[in-house]
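Shown next, in structure tokens, is the structure this report addresses.
The values are calculated or read from the model by the stated rules, or taken from the named source; none is laboratory data. If you're wondering where the values come from, they're calculated on a predicted model, not measured in any experiment. Neighbour counts run over all protein chains shown; Cβ positions are idealised from the backbone, glycine included. The accessibility values were calculated without ligands, DNA or RNA, using every heavy atom of the protein model including side chains. Shrake-Rupley method; radii C 1.70, N 1.55, O 1.52, S 1.80 Å.
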Amino acid sequence: MALVDQATSYASGVSAARVIDCGAGHHPKATPKPAPFFRWREQWCVGIEILDRDHRALTKLIDYMAQRFGAWHAPRAEQAISRDGGRGSACALRFWLSALHERARVAFAREDALMRAAHYPDTAEHTREHALLLAEYTAMSRDIAGREQDRLEHADLEAMKQWFMGHMLD
């Protein structure tokens with residue numbers, strides 16, 4: 001549950017340094033914020049606030065991971081403080097890959113429950129799509145984590161974005 005709480009705290013606007021600072025007393029210096037990699041678009045809203053909030057949070061997590069671990073942001077990644085006090089470590093990347101999976105799992109479960117409660121006719125189909133999406137993400141994150149790198153390549157981030165967009169636009 002702590003993983004979900006930390007990811008949710010970040011997505012709710014708590015600074016990344018507070019979420020992942022492990023008491024080392026060292027915070028990165030303020031640097032200009034780079035342009036977002038992945039930005040929420042209001043036209044993606046489904047009109048159900050809790051689902052829109054979940055989708056916004058997933059978008060923010062993917063963008064945070066791009067800013068922190070994107071290969072083109074190496075200097076910025078080196079400034080980030082990981083849970084174990086290291087900088088931009090493979091361990092920290094695995095943590096955030098898991099955080100995104102858990103946040104998506106919780107969001108999909110909430111969406112499934114709302115569809116069942118509303119007697120949505122395609123609930124079973126949509127629930128299967130969620131299971132498939134989680135399986136796809138699991139395979140993608142295992143591949144990334146298996147490289148033991150401390151960064152995400154542009155292709156990784158594009159795949160994550162397309163994975164999420166496949167759900168939003170389907």
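Quick look at the numbers
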{"read-out": "Subset tally (residues that are in contact (Cβ under 8 Å) with a residue 60 or more places away in the chain and open to solvent by 20 Å² or more (accessible area, probe 1.4 Å)) for region 151-168", "value": "5"}
{"read-out": "Condition met for Leu133 (under 21 Å from Pro36 (Cα atoms) and modelled with pLDDT of 90 or more)", "value": "no"}
{"read-out": "Among (1) modelled with pLDDT of 90 or more; (2) loosely packed, with under 14 Cβ neighbours inside 10 Å; (3) among the polar types (S, T, N, Q) - the single one Ser98 does not satisfy", "value": "(2)"}
{"read-out": "Residue ID - most open to solvent (accessible area, probe 1.4 Å), chosen from residues in region 105-150 that are under 18 Å from Thr59 (Cβ atoms) and in contact (Cβ under 8 Å) with a residue 60 or more places away in the chain", "value": "Arg110"}
{"read-out": "Residues located in region 114-149, provided they are out of contact with any Asp or Glu (no Cβ under 9 Å at 6 or more places or on another chain) and more than 19 Å from His101 (Cβ to Cβ)", "value": "Leu114, Arg116, Ala117, Ala118, His119, Tyr120, Pro121, Asp122, Ala124, Glu125"}
